[in-house]
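None of the figures in this text is laboratory data; all of them are computed from the coordinates on show. Not measured: the values here are computed from a predicted model. All Cβ positions, even for glycine, are placed from backbone atoms using ideal geometry, and neighbour counts span all protein chains on display.
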Amino acid sequence: MNKKIVAIKINGELHDIDNCSGSDGELISLYSTDGVKILRHSLAHIMATALQKIDPNIKFAIGPAIDNGFYYDVDSSIDFSTDDLEKIEKIMHELIQQDLKFTRTEISRADALKLFKDKDQSYKVEILEGIDADAVSMYQVGDFIDLCRGPHLPSSGFVPSDCFKLTKVSGAYWRGDSNRQMLQRIYGVAFSDKKELKTYLKMLEEAQMRDHRKLGIELDLFHVDEVAPGNVFWLPKGQTLYNTIQKYIAEVMDNYGYKLVKTPQLLNKVLWETSGHWGKFRENMFIVEDNETTMAIKPMNCPGHIICYKTGAVKSYRDLPLRYGEFGLCHRNESSGSLHGIMRLRAFTQDDGHIFCTPEQIVSETINFCKMLKEIYAKFGFTDVSVKFSDRPEKRVGNDDIWDLAENSLRDAATQAGLEYELNKGEGAFYGPKLEFVLKDCLGRDWQCGTLQVDFNLPERFDIYYTTAEGEKKHPVMLHRAVLGSMERFIGILIENYNGKFPFWLAPVQIGIVTVSDKFSNYAKDIEKKLRDFRVVSDVGSDTLTYKIRKYSHQKIPCILIIGQSEVENNTVSVRMLGTNNNETMSIEELTKKLATL
């Protein structure tokens, strides 16, 4: 059998190659996107088979394929650690060598329930109890049987040699509910050949060295503490970085016609009921009881911007589009296990914005937003940006007619804006479809940051309107948009992308002045005054010059000015840029011109 062909696609659906022999369809190679997903999903089952050999009483939850790999959530009396991964891998390789067949069967839901109850697989039973179907499909490889749609590899022998690696063990609540059982999640990465795997593992090593949590400490940027889980203590240099980014974004928003507003943190429950957040997002909100009034700390800024829209004179078509922007502090009750440095927080600031416009203005506003977004991303060094179109989720407000209108409007706007996008099915916001903008960093990792959402629902729910040229009242369209997303998370991305070596304009400290000895301190102070438009620190103490330069280099200061006898006599400075060992002598005027180009 050709071990490069692993499945067949018929009428857009993937099927096991063995179950569709002789059928007409597209043959799926192991090296295709679909083929790699099938490989990863199959490896999750092979890993489960290995785990069952280690612990015959283990209980299995879910084991999907994910980006770059797979995982399985398990409930075991054995407390697995990273030290156990090599043992699990060894058993997996043995199972692969045995060329075990993946066998698919379809049985009634009732028989499947009995089977998994007899096996004491309570998580599978719960999954089955939530399925509304007469029959279900299952797969068996070796002694392991799983509830699964498939498809899978024809057999374990189709797994290429040295194509996967188990990477870590973490905790995960069953169904993401902190009130449910804490499970063990065992992760693996997998690719269609060992060269890709090696490249990816090397990237992981590099990413670990660039970890924003480590660099945040080394560079004195921020602190996270158990006294305030999910919150950030910004240190002076970190706050400078934060302020620099916010100032730049505010200037760009002003150039694109946004008016900055500031909305309250605590808002009445009634507002959240009207918006739909109370019914769809309640478990993620922090609630405050004020006597007999129930308040919530805002998890999002959009209802506050609607209140701003409603305030004052009635809006007419001449006032639209009306663009509000806010650096809005939001709070969301994330589980403690999901918190991660400044990338995943309970308190974070969004570079948020909402555009109130007519239906006819959706296209022009989308084009305008995309132009602004690309300008900002390019400023931060991100030019590789992909787009996803997320359509209606299962949990949503509004009827299908409104959703049809919103999705068609956004598709048309995206097309006219020249965007190529892939469908991210069912991942829209509960009030409207959205475009998601994904950055690729220097390590090739994807980061979803910007969003644009078309919303016909909230304007109707809040009954906001504008008057047309004919004097009619109409609900505006509300475009929810963000470029960076979370300010904190974006700073984390920047730290890792640049490994702490920020571009000159962004660096918290741009220039470090060092003297050969303290007798040149007066000249150094004069230079510092002349460079007052930059962020400058100086060390004129008695430490050795080598120590001072090393200190500022470790702090990743982009430009170091060295001052000695020659510089004082010639009214110059000796310039060393970060990452070089070469010094260039120049006047302050020449230096200022040089720095202006960075």
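Label-to-label distance, Arg180 versus Ile5, with points set 7 angstrom from Cα along the beta-carbon direction: 4.0 nm. Loop only per DSSP, at most 16 neighbouring Cβ atoms within 10 Å: give me the trypsin sites (Lys or Arg not before Pro) in segment 79-128, ordered by residue number. Listed in order of number, the matching sites are Lys119. Working from label points 7 Å from Cα in the Cα-to-Cβ sense, the Ser316 to Val438 distance is 4.6 nm.
Between segment 474-522 and segment 245-268, the C-alpha centres lie 18 angstrom from each other. When the Cα positions of Tyr242, Leu443, Met343 are compared along the charge dipole of the chain, Tyr242 comes out farthest toward the positive end, with charges on each C-beta of Lys, Arg, Asp and Glu. Put a dot 7 Å past the Cα of Asp118, heading toward its Cβ, do the same for Asp543, and the two dots end up 7.3 nm apart. Each Lys or Arg adds one and each Asp or Glu takes one away; over the other residues whose Cβ falls under 13 Å from the Cβ of Gly12, this sums to -1.
Taking 0.36 nm per residue of separation and subtracting the Cα-Cα distance, full extension of the segment from Asn570 to His340 would add 77.7 nm.
Residue exposure proxy: Ser574, Ser42, Ser108, ordered by other Cβ atoms within 10 angstrom of their Cβ from fewest to most, comes out as Ser108, Ser574, Ser42.
Sorted on the mean count of surrounding Cβ atoms within 10 Å across their residues, most packed first, peptides 409-417, 332-340 read 409-417, 332-340. For segment 392-429, applying the loop criterion from DSSP together with a ceiling of 11 other beta carbons within 10 Å to the GluC sites (Glu not before Pro) yields Glu394, Glu420. Antiparallel beta bridges, as assigned by DSSP with both residues in the chain, represent about 85 percent of the total such bridges. Around the Cα centre of segment 5-204, unit charges on the Cβ atoms of Lys, Arg, Asp and Glu (plus for the first two, minus for the last two) sum to a dipole of about 440 debye.
Applying 1/(1 + (r/R0)^6) with r as the Cβ-Cβ distance of Thr585 and Thr244 and R0 = 35 angstrom yields a FRET efficiency of 0.75.
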